[in-house]
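Since the structure comes first, as structure tokens, the remarks are kept for the end.
None of the figures in this text is laboratory data; all of them are computed from the coordinates on show. Source: prediction; values computed, not measured. All Cβ positions, even for glycine, are placed from backbone atoms using ideal geometry, and neighbour counts span all protein chains on display.
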Amino acid sequence: MKDYYVKNDSFPFLAFDQVNLFHLKKEDYLKRLREDIVSKFEDKDLEIKTSKWRKNQGYYADGTFKRRLLTSVGLIIFKKTRYKFIDPETKKWRRTFLVDDYLQIEKYSKWSHELKSHVINLLSQGSSKYADIDKAIPEARLHKSTISRFVKKLRLEAFNEEYLENHYNAPKKIEKYNTLYISIDDSYVNLKTNNKAAKYQVRVATLCLGKSDKPDSRNSTLIHKRVITWTKKCKSIANNFVNETIEDLNKYIKIFYGKTNFNYVICGDGANWIKSIASSFGGKIVLDKFHLVKEIAKIYPPKMYSQYNKQLFNCCINALTHGVNTLVDNYLIPLSKVDDDKIDKIKKLIRYIKNNKNGIESYKKDYYIGCFTESNIYHYVKAIANSKSYNFKVFHNLINLRLAYINNLDPIFLWKDYFVEAIENNMFNQYLPYKVIKTYGKEFNIPMLNNKSTSYKELIKVLQNKE
């Protein structure tokens, strides 16, 4: 009798225990899946071992070894054949595993290509907490430090202007959109470089062409949403950072949307550098309502025990619907005359409102769709940092993976494209310690690399000379 059957004396049949049934069946299927993968791997190794090509090229079998490979369905252990051959240059025996390249297996790496793709996919879709990844792939039993090391080693430098120009396709029917919204703000995080913590400024700009009633495949209601970030150490920020931001915005707007002749709406917290950006684009400015409400709440906190504060807070918020002058003249100025304890704070609030009058008056305009700067900062920066001091490289890769998904790029495609290209050319100089000595036919092309080759440039020269 199986463990997932439950006997009931009042019922003539055996009933199912769903919890045990699904658990045992799942384990059974995963076990058979792992056995099937091992069988296919060993069949490929046997195919190479029995091929005439292997014998004709001078590869001699030199024993069988076990290989452990971690996948999303658990650990698999399979046998593969090692081969030895004579290096024509040194006249010495060399050894290699011919099946590794065909199975996309990296030397010294326990993680499978499939598991890495799975983790990259989870990270790009917002699973920035390593504990969430471990829960999503329980069979792999990944430790947080293991995931962190993997993220740190990712090569994602190709997420730049050159890669976008070659692989990014601008959305269709852009001509029907005349307004481009730019929500921009700064955040600060502590990051480590060479085990030394430093404060970094992360600038986030979110671009979109409007707001839709229906969310897209990324669960966003913003039309053709794109995100750009800048990360700089606070001590090294130059005075021309605003000009650099403007140049990059112009450059990426052209790449993302194929044109730059929009009516621009700049959304932010009212800082002077944001006003400079709005001025350079000749656009309208919108003050993030979150910041305005926060400034009012500092004086009259609505969640405090005082009913007086709550009523005044609601009065100020309601007055915004009638305009800036109504809020200042009919509420704040009279309050500053009767509330001596808060007179300085109220005057400061009045100055803040007058300095951002144009941004507040935009709430009544037709082009106003809201402002999302603080939520963007949370989703793209704070949700990743989460009060934790990351290594700069890890943080940089986590940001890039997330932005690749938002910007309609496929991070798995980029990583896989690099991985497959390197496998096909055997250019993993850190994994395959041999030098290219000869190439075979089109069907079998397995060049070898030398352990003295320390740079990609040297390897590329060797490959070009062979062509």
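Structure data summary
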{"quantity": "Cα-based shape type of segment 237-291, given that a ≥ b ≥ c are square roots of the gyration tensor eigenvalues and the cut on a/c is 1.5", "calculated": "oblate"}
{"quantity": "Flagged links, alpha-carbon separation over 19 Å, of K31/K144; K26/K79; K176/K259; K40/K80", "calculated": "K31/K144; K26/K79"}
{"quantity": "Rel. contact order, % - alpha carbon contacts under 8 angstrom, at least six apart, segment 289-370", "calculated": "24 percent"}
{"quantity": "In segment 279-382, trypsin sites (Lys or Arg not before Pro) in a DSSP loop with at most 13 other beta-carbon atoms within 10 Å", "calculated": "K303, K365"}
{"quantity": "Shape call, segment 25-162: gyration tensor on alpha carbons, a/c limit 1.5", "calculated": "oblate"}
{"quantity": "Cα lying deepest toward the dipole's positive end in segment 289-370, options G370, L320, I333, charges on Cβ", "calculated": "G370"}
{"quantity": "Charge dipole (debye, nearest 20) of segment 289-370; +1 at Cβ of Lys and Arg, -1 at Cβ of Asp and Glu", "calculated": "200 debye"}
{"quantity": "Above-threshold pairs, the threshold being 18 Å between Cα atoms, out of K107/K192; K298/K345; K116/K152; K254/K393; K199/K275", "calculated": "K107/K192; K254/K393; K199/K275"}
{"quantity": "Largest to smallest principal axis extent of the C-alpha atoms in segment 319-403, angstrom", "calculated": "53, 37, 16"}
